[in-house]
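The values are calculated or read from the model by the stated rules, or taken from the named source; none is laboratory data. Computed from a predicted structure; not experimentally measured. Using ideal geometry, Cβ is built from the backbone for each residue, glycine included, and neighbour counts are taken over all protein chains shown. Areas reflect the complete protein model, heavy atoms only, side chains present, ligands, DNA and RNA absent. Shrake-Rupley method; radii C 1.70, N 1.55, O 1.52, S 1.80 Å.
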Amino acid sequence: MESRRRGLTSANAGRSLGCSPQGRIALSAGAAFRKGCPPPQREDDDVSQAPIKLDRIDMKILIELQKNGRMTNVTLADAVGLSASPCLFRVKRLEQSGYITGYGAHVALPKLGETVTVFTEITLTGHTREYFQRFEQTLRGVEEAMECHLVSGGYDYLVKFVTRGLPHYQDVIEALLERNIGIAKYFSYIVLRTPISRSELPLDTLFGEAVRPN
């Protein structure tokens, strides 16, 4: 099968359970960048606009908000070296342009109870657009499927499931098989522990060179 796929992130590793993935998760950053500051604008002005080019201050704002999305605008402005009003304008502009897609809380899952994380390799019976669309549309309705990546290599999809336990996971898989959505085979990898799990993307490492002054 031709290389035609891209995936997102997965932070865990696991062990094979044995019995032989696309979600498009978005926190993508890949625009062109430039130096400079936006022109002055009143806070009540409409900040929606075409995709913007980021500068080093915009990047600092993204990095700081990844660390703490609840920080006040005054605290954020101090951290990035701006006064409050221009900082608020930039945050609104980043939101309107789609660089910031939302804010949320990190939940300590172990405090709520026992769970099992399983990574599953899935191979489809066919490789036409219809097969991919049918599988992806069905999987979007499975709330235990936390991530889904269309990948290159020996199988089609890598899916991350979080369930109450192995019986629950098996119920989820069997329900998918019963729906006849074109699953030819699957392999399951149970996560035993997670030594590394990051929620902050290394934005400065990935894109910092593009916004640093020459």
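LYS53 to THR115: extension gain in nm, 0.36 nm per residue of separation minus the Cα-Cα distance?
Taking LYS53 through THR115 to full extension adds about 18.1 nm, to one decimal.
Straight-line cross-link reach from LYS92 at under 26 Å between alpha-carbon atoms covers these lysines, not counting any fewer than eight positions away in the same chain: LYS35, LYS53, LYS60, LYS67.
Between ASP171 and MET146, the C-beta separation translates, for a Förster distance of 22 Å, into a calculated FRET efficiency of about 0.85.
Test of understanding: what is the full-extension gain from ASN180 to SER83, defined as 0.36 nm times their sequence separation minus their Cα-Cα distance?
Details: separation 97, 0.36 × 97 = 34.92 nm, distance 5.77 nm.
Difference between extended and current length: 29.2 nm.
In terms of overall dimensions, the stretch 113-214 has a Cα radius of gyration and Dmax of 17.1, 59 angstrom.
Ligands, DNA and RNA left out, the accessible area of the stretch 125-208 computed with a 1.4 Å probe is 49% carbon and sulfur.
Pairs of alpha carbons in the stretch 123-178 separated by more than 15 Å make up 51% of all such pairs.
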